[in-house]
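Each remark here refers to the structure printed beneath this line.
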Amino acid sequence: MSLILIIEDEPAIARVLSAYLKKAGFDTEHAADGHTAMERFQSCAPALVVLDIMLPGMDGWELLQLIRAQGACPVIMLTARDRIEDRLNGLDSGADDYMTKPFTPEEVVARVNAVLRRRPYLTDAASKRHFGNLVLDLAAKRVYLNGAEVPLSPRDLSLLLFLSEYPNRTFTRDHLIEQVWGMDYEGSDRAVDLSIKRLRQSLSHWSAQTGEIRTLRGMGYQFWLNE
(Lines give C-alpha, C1' and ligand atoms only; values in the text may rest on other atoms or scores of the structure.)
Protein backbone atom coordinates (compact mmCIF):
# COMPACT_ATOMS: atom_id res chain seq x y z
CA MET A 1 0.00 0.00 0.00
CA SER A 2 1.12 3.57 -0.66
CA LEU A 3 2.26 5.47 2.41
CA ILE A 4 1.04 9.02 3.02
CA LEU A 5 3.00 11.30 5.36
CA ILE A 6 0.68 13.70 7.23
CA ILE A 7 2.51 16.78 8.52
CA GLU A 8 0.01 18.48 10.83
CA ASP A 9 0.37 19.95 14.33
CA GLU A 10 -3.30 19.62 15.32
CA PRO A 11 -3.77 16.04 16.64
CA ALA A 12 -7.53 15.92 15.93
CA ILE A 13 -7.04 16.85 12.27
CA ALA A 14 -4.19 14.36 11.90
CA ARG A 15 -6.32 11.56 13.39
CA VAL A 16 -9.24 12.28 11.05
CA LEU A 17 -7.00 12.41 7.98
CA SER A 18 -5.24 9.19 8.96
CA ALA A 19 -8.54 7.38 9.55
CA TYR A 20 -10.01 8.34 6.18
CA LEU A 21 -6.79 7.62 4.28
CA LYS A 22 -6.48 4.20 5.90
CA LYS A 23 -10.10 3.48 5.04
CA ALA A 24 -9.20 4.31 1.42
CA GLY A 25 -6.38 1.75 1.48
CA PHE A 26 -3.34 3.87 2.36
CA ASP A 27 -0.77 3.50 5.12
CA THR A 28 -0.02 6.70 7.04
CA GLU A 29 2.73 8.30 9.10
CA HIS A 30 2.33 11.48 11.13
CA ALA A 31 4.67 14.29 12.16
CA ALA A 32 3.59 17.28 14.27
CA ASP A 33 6.57 19.61 13.77
CA GLY A 34 8.92 20.55 10.98
CA HIS A 35 12.09 18.83 12.18
CA THR A 36 10.34 15.55 12.96
CA ALA A 37 8.58 15.78 9.60
CA MET A 38 11.90 15.94 7.73
CA GLU A 39 13.23 12.95 9.66
CA ARG A 40 10.08 10.94 8.86
CA PHE A 41 10.18 11.99 5.22
CA GLN A 42 13.74 10.72 4.83
CA SER A 43 13.14 7.47 6.72
CA CYS A 44 9.74 6.34 5.38
CA ALA A 45 9.98 7.52 1.72
CA PRO A 46 6.27 8.40 1.36
CA ALA A 47 4.32 8.22 -1.88
CA LEU A 48 2.76 11.61 -1.06
CA VAL A 49 2.92 14.29 1.64
CA VAL A 50 -0.05 16.20 3.08
CA LEU A 51 1.57 19.39 4.42
CA ASP A 52 0.34 22.12 6.76
CA ILE A 53 2.03 25.53 6.61
CA MET A 54 1.90 26.76 10.20
CA LEU A 55 4.09 24.29 12.09
CA PRO A 56 6.39 24.53 15.10
CA GLY A 57 10.12 24.35 14.49
CA MET A 58 10.05 24.75 10.71
CA ASP A 59 7.12 26.01 8.68
CA GLY A 60 5.56 24.34 5.65
CA TRP A 61 7.18 26.70 3.16
CA GLU A 62 10.66 25.68 4.27
CA LEU A 63 9.68 22.02 4.38
CA LEU A 64 8.32 22.21 0.83
CA GLN A 65 11.65 23.60 -0.39
CA LEU A 66 13.59 20.82 1.37
CA ILE A 67 11.29 18.13 -0.03
CA ARG A 68 11.60 19.54 -3.55
CA ALA A 69 15.40 19.71 -3.23
CA GLN A 70 15.47 15.97 -2.50
CA GLY A 71 13.16 14.70 -5.21
CA ALA A 72 9.76 14.67 -6.85
CA CYS A 73 7.52 13.32 -4.07
CA PRO A 74 4.01 14.78 -4.59
CA VAL A 75 2.90 17.35 -2.00
CA ILE A 76 -0.62 18.55 -1.18
CA MET A 77 -0.70 21.64 1.02
CA LEU A 78 -3.59 21.64 3.54
CA THR A 79 -3.75 24.87 5.50
CA ALA A 80 -5.95 27.55 7.04
CA ARG A 81 -4.13 30.17 4.96
CA ASP A 82 -6.64 30.86 2.21
CA ARG A 83 -5.25 34.03 0.61
CA ILE A 84 -4.75 33.82 -3.13
CA GLU A 85 -1.12 34.90 -2.58
CA ASP A 86 -0.52 31.85 -0.38
CA ARG A 87 -2.21 29.53 -2.87
CA LEU A 88 -0.11 30.84 -5.76
CA ASN A 89 3.05 30.75 -3.66
CA GLY A 90 2.40 27.10 -2.83
CA LEU A 91 1.82 26.10 -6.44
CA ASP A 92 4.72 28.25 -7.65
CA SER A 93 7.02 26.58 -5.11
CA GLY A 94 6.21 23.12 -6.43
CA ALA A 95 3.15 21.91 -4.50
CA ASP A 96 0.98 19.56 -6.55
CA ASP A 97 -2.26 20.79 -4.99
CA TYR A 98 -3.40 23.34 -2.40
CA MET A 99 -6.42 22.89 -0.13
CA THR A 100 -7.74 25.19 2.58
CA LYS A 101 -9.28 24.48 5.98
CA PRO A 102 -12.00 23.71 6.87
CA PHE A 103 -12.12 20.71 4.56
CA THR A 104 -14.03 17.47 4.09
CA PRO A 105 -11.89 14.34 4.60
CA GLU A 106 -13.51 12.71 1.57
CA GLU A 107 -12.23 15.52 -0.65
CA VAL A 108 -8.72 15.17 0.74
CA VAL A 109 -8.77 11.46 -0.12
CA ALA A 110 -10.08 12.30 -3.61
CA ARG A 111 -7.31 14.85 -4.13
CA VAL A 112 -4.69 12.35 -2.95
CA ASN A 113 -5.96 9.79 -5.44
CA ALA A 114 -6.05 12.39 -8.23
CA VAL A 115 -2.46 13.50 -7.63
CA LEU A 116 -1.19 9.91 -7.45
CA ARG A 117 -2.93 9.14 -10.77
CA ARG A 118 -0.88 11.80 -12.51
CA ARG A 119 1.95 9.70 -13.82
CA PRO A 120 4.74 11.21 -15.89
CA TYR A 121 3.84 11.10 -19.58
CA LEU A 122 5.83 8.27 -21.20
CA THR A 123 5.92 6.69 -24.62
CA ASP A 124 7.22 3.43 -26.02
CA ALA A 125 9.90 5.27 -27.94
CA ALA A 126 13.61 5.23 -27.06
CA SER A 127 14.21 5.29 -23.32
CA LYS A 128 16.26 8.49 -23.50
CA ARG A 129 15.85 11.75 -25.40
CA HIS A 130 18.92 13.91 -25.95
CA PHE A 131 18.60 17.63 -26.62
CA GLY A 132 22.14 18.98 -26.47
CA ASN A 133 23.16 19.16 -22.80
CA LEU A 134 19.62 18.17 -21.74
CA VAL A 135 18.80 14.46 -21.35
CA LEU A 136 15.35 13.07 -20.53
CA ASP A 137 15.48 9.49 -19.21
CA LEU A 138 11.95 8.16 -19.78
CA ALA A 139 12.49 4.76 -18.18
CA ALA A 140 13.95 6.19 -14.95
CA LYS A 141 11.68 9.28 -15.04
CA ARG A 142 14.68 11.54 -14.51
CA VAL A 143 16.04 14.69 -16.14
CA TYR A 144 19.72 15.55 -16.47
CA LEU A 145 21.32 18.85 -17.40
CA ASN A 146 25.09 19.03 -17.94
CA GLY A 147 25.28 15.57 -16.38
CA ALA A 148 23.56 16.57 -13.12
CA GLU A 149 20.05 15.43 -12.20
CA VAL A 150 17.38 18.13 -12.20
CA PRO A 151 14.77 17.57 -9.43
CA LEU A 152 11.25 18.13 -10.77
CA SER A 153 7.82 17.58 -9.29
CA PRO A 154 5.77 14.80 -10.94
CA ARG A 155 3.51 17.38 -12.58
CA ASP A 156 6.40 19.43 -14.00
CA LEU A 157 8.11 16.26 -15.21
CA SER A 158 4.92 15.12 -16.92
CA LEU A 159 4.58 18.48 -18.67
CA LEU A 160 8.19 18.49 -19.84
CA LEU A 161 8.00 14.92 -21.19
CA PHE A 162 4.74 15.64 -22.99
CA LEU A 163 6.04 18.81 -24.66
CA SER A 164 9.31 17.12 -25.64
CA GLU A 165 7.35 14.43 -27.47
CA TYR A 166 6.14 17.11 -29.92
CA PRO A 167 9.01 19.53 -30.63
CA ASN A 168 8.02 22.87 -32.19
CA ARG A 169 4.31 22.16 -31.79
CA THR A 170 2.18 24.71 -29.93
CA PHE A 171 -0.27 23.63 -27.21
CA THR A 172 -2.92 25.76 -25.53
CA ARG A 173 -3.37 25.78 -21.76
CA ASP A 174 -6.61 23.81 -22.12
CA HIS A 175 -4.89 21.12 -24.18
CA LEU A 176 -2.07 20.80 -21.66
CA ILE A 177 -4.52 20.61 -18.75
CA GLU A 178 -6.36 17.79 -20.53
CA GLN A 179 -3.24 15.84 -21.52
CA VAL A 180 -1.06 16.34 -18.42
CA TRP A 181 -3.26 17.31 -15.47
CA GLY A 182 -6.15 15.08 -16.53
CA MET A 183 -9.86 15.51 -17.11
CA ASP A 184 -10.58 15.36 -13.35
CA TYR A 185 -8.47 18.47 -12.64
CA GLU A 186 -10.60 21.24 -11.15
CA GLY A 187 -8.03 23.96 -10.52
CA SER A 188 -7.13 27.08 -12.47
CA ASP A 189 -5.39 26.93 -15.84
CA ARG A 190 -2.83 29.29 -14.28
CA ALA A 191 -1.25 26.08 -13.00
CA VAL A 192 0.15 25.63 -16.51
CA ASP A 193 1.82 29.06 -16.40
CA LEU A 194 3.35 28.30 -12.99
CA SER A 195 4.62 24.91 -14.13
CA ILE A 196 6.19 26.45 -17.24
CA LYS A 197 7.84 29.10 -15.05
CA ARG A 198 9.34 26.43 -12.78
CA LEU A 199 10.59 24.41 -15.76
CA ARG A 200 12.33 27.45 -17.23
CA GLN A 201 14.03 28.13 -13.92
CA SER A 202 15.11 24.50 -13.57
CA LEU A 203 16.39 24.39 -17.18
CA SER A 204 18.00 27.86 -17.13
CA HIS A 205 21.37 26.35 -18.13
CA TRP A 206 19.98 24.46 -21.12
CA SER A 207 21.91 25.60 -24.17
CA ALA A 208 19.93 28.34 -25.93
CA GLN A 209 21.51 27.19 -29.19
CA THR A 210 19.70 23.86 -28.80
CA GLY A 211 16.22 24.93 -27.73
CA GLU A 212 13.92 26.48 -25.16
CA ILE A 213 10.37 26.38 -23.82
CA ARG A 214 8.62 29.18 -25.68
CA THR A 215 5.50 31.19 -25.01
CA LEU A 216 3.50 32.21 -28.06
CA ARG A 217 1.29 35.05 -26.94
CA GLY A 218 -2.38 34.26 -27.35
CA MET A 219 -1.58 30.74 -28.59
CA GLY A 220 0.17 28.67 -25.93
CA TYR A 221 3.51 26.97 -25.27
CA GLN A 222 5.97 24.86 -27.25
CA PHE A 223 9.14 22.85 -26.74
CA TRP A 224 11.18 24.67 -29.38
CA LEU A 225 14.22 23.07 -30.98
CA ASN A 226 16.69 24.76 -33.28
CA GLU A 227 16.52 22.30 -36.17
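The values are calculated or read from the model by the stated rules, or taken from the named source; none is laboratory data. Treat the numbers as computed from the prediction; the structure is a model and nothing was measured. Don't worry about glycine lacking a Cβ; one is built from the backbone with ideal geometry, like all the others, and counts go over all protein chains shown. Keep in mind that these areas ignore ligands, DNA and RNA; they rest on the heavy atoms of the full protein, side chains included. Shrake-Rupley method; radii C 1.70, N 1.55, O 1.52, S 1.80 Å.
If you count, for each residue, the other Cβ atoms within 10 Å and average over each peptide, how do 131-142, 43-54 line up from highest to lowest? Write out the running numbers ahead of the final one.
Details: 131-142: 16.0, 43-54: 19.8.
Descending packing order for the listed peptides: 43-54, 131-142.
Around residue 190, what is the net charge, scoring Lys/Arg as +1 and Asp/Glu as -1 over all other residues with Cβ under 11 Å from its Cβ? Write down the numbers at each step before the final one.
Working: positive: 87, 173, 197; negative: 92, 189, 193.
Local net charge: 0.
Could you give the semi-axes, largest first, of the ellipsoid that matches segment 1-128, computed as the square roots of 5 times the alpha carbon gyration tensor eigenvalues and rounded to whole Å?
Ellipsoid half-lengths, sorted descending, are 22, 17, 16 Å.
Can you check what the net charge comes to around residue 3, using other residues whose Cβ is under 12 Å from the Cβ of residue 3 (Lys, Arg +1; Asp, Glu -1)? Display every interim value, and only then the final one.
Values: positive: 22, 40; negative: 27, 29.
Net local charge, residue 3 excluded: 0.
With the dipole of the chain worked out from charges on the C-beta (+1 for Lys and Arg, -1 for Asp and Glu) around the Cα centre, which of 30, 199, 41 lies farthest toward the positive end?
Of the listed residues, the answer is 199.
Per residue, what accessible area does segment 75-194 have, given a 1.4 Å probe and all protein chains present, in Å²? Spell out each step's value before the answer.
Numbers: 5660 Å² over 120 residues.
Dividing the accessible area of segment 75-194 by its residue count gives 47 Å².
Distance from the Cα centre of segment 36-96 to that of segment 127-169, in angstrom?
Using only Cα atoms to place each centre, the spacing works out to 24 Å.
Taking a cut-off of 28 Å between Cα atoms, list the lysines near residue 128, but don't count ones fewer than 8 places away on the same chain.
Correct list for residue 128: 141, 197.
Would you list which lysines come within 23 Å of residue 22, measuring only between C-alpha atoms, while excluding same-chain residues fewer than 8 positions from it?
Candidates past the 8-residue exclusion: 101.
With a 1.4 Å probe and every protein chain kept in, tell me what percent of the accessible surface of the chain is carbon plus sulfur.
Details: 5350 of 11070 Å².
That share works out to 48 percent.
Which shape class applies to segment 135-192: rounded if a/c is under 1.5, otherwise prolate when a/b exceeds b/c and oblate if not, where a ≥ b ≥ c are the square roots of the Cα gyration tensor eigenvalues?
On the way: a/c = 2.42, a/b = 1.72, b/c = 1.41.
Because a/c hits 1.5 or more and a/b exceeds b/c, segment 135-192 counts as prolate.
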